[in-house]
1. Note down the magnitude of the dipole of segment 1-114 about its Cα centre, charges +1 on Lys and Arg C-beta and -1 on Asp and Glu C-beta and zero elsewhere, to the nearest 20 debye.
2. Given a cut-off of under 8 Å on Cα pairs at least six residues apart, what relative contact order in percent is computed for segment 58-136?
3. Each residue of segment 28-33 in turn: what ³J(HN,Hα) in whole Hz from Karplus with 6.51, -1.76, 1.60 and θ = phi - 60°, glycine and Pro shown as x?
4. Could you work out the per residue convex hull volume over the alpha carbons of the chain, in cubic angstrom?
5. Ignoring everything except DSSP H segments at least 4 long, calculate the 222 nm mean residue ellipticity for the chain; use -39,500 (n - 2.57) per segment, divide by total residues, nearest 500.
6. In segment 73-102, which trypsin sites (Lys or Arg not before Pro) fall in coil by DSSP and have 15 or fewer other Cβ atoms within 10 Å?
7. Using amide H atoms built 1.01 Å from N in the peptide plane, name the residues 5+ places from residue 63, or on other chains, whose amide H lies under 5 Å from its own.
8. Are there any helices in the chain, counted as whole DSSP H runs, that stretch 27 Å or more along their axis by Cα and score at least -0.5 on average by Kyte-Doolittle, and if so which?
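Bear in mind these aren't lab numbers, they're just calculated from the coordinates by the rules spelled out. In this text, all values refer to a predicted model and were calculated from it rather than measured experimentally. Because the Cβ atoms are built from the backbone with ideal geometry, glycine has one as well, and the counts that use them run over all protein chains shown.
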Amino acid sequence: MKAHVEWKGNMLLEGKNAEGITTMFDSHHPDQQYGTPMEIMLQAMASCSMMDVISILEKKRKTIIALNVEVDSDRAEQHPKVFTAVRLQYTLISPDAELKDLERSVELSQQSYCSASAMFQQAGCAVSWTCEIKTP
């Protein structure tokens, strides 16, 4: 896996993967247009896990109308300000999935499949999650 990042002026950066697909990065300032690298790391963790959860629920033949994850985090107060804790709240809207289906899917993702979450955990970050099911 390879990536390339190019400075585009001010604090705007453009990342590209080997296929040329771009991800934009920015910094906190009045004209901020994109997420910061640390925000994007949280989004990457949630996205990685969500892909696992979707795949597992589909294999269980459960209907997914909507799935979202709210991410909350704590960071060290001193530099480098690494993540010390991340909390993920999974919310699934489904007419036929039960809470146990979602909880097991998230557990499998977080403990076996999600590489992004594993990187956080192996770096010493506490990762926790909760699940909620809503019916349409």
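1. With only Lys, Arg, Asp and Glu charged at Cβ, the dipole is about 320 debye.
2. Reported as a whole number, the value is 36 percent.
3. 3J(HN,Hα) across segment 28-33, in whole Hz: 5, 6, x, 9, 4, 10.
4. Dividing the Cα hull volume of the chain by its residues yields 144 Å³.
5. That comes out to -9500 deg cm²/dmol.
6. In loop regions of segment 73-102 (DSSP not H, G, I, E or B), the sparsely surrounded trypsin sites (Lys or Arg not before Pro) are 81.
7. 96, 97
8. Result, helices passing both filters: 37-59.
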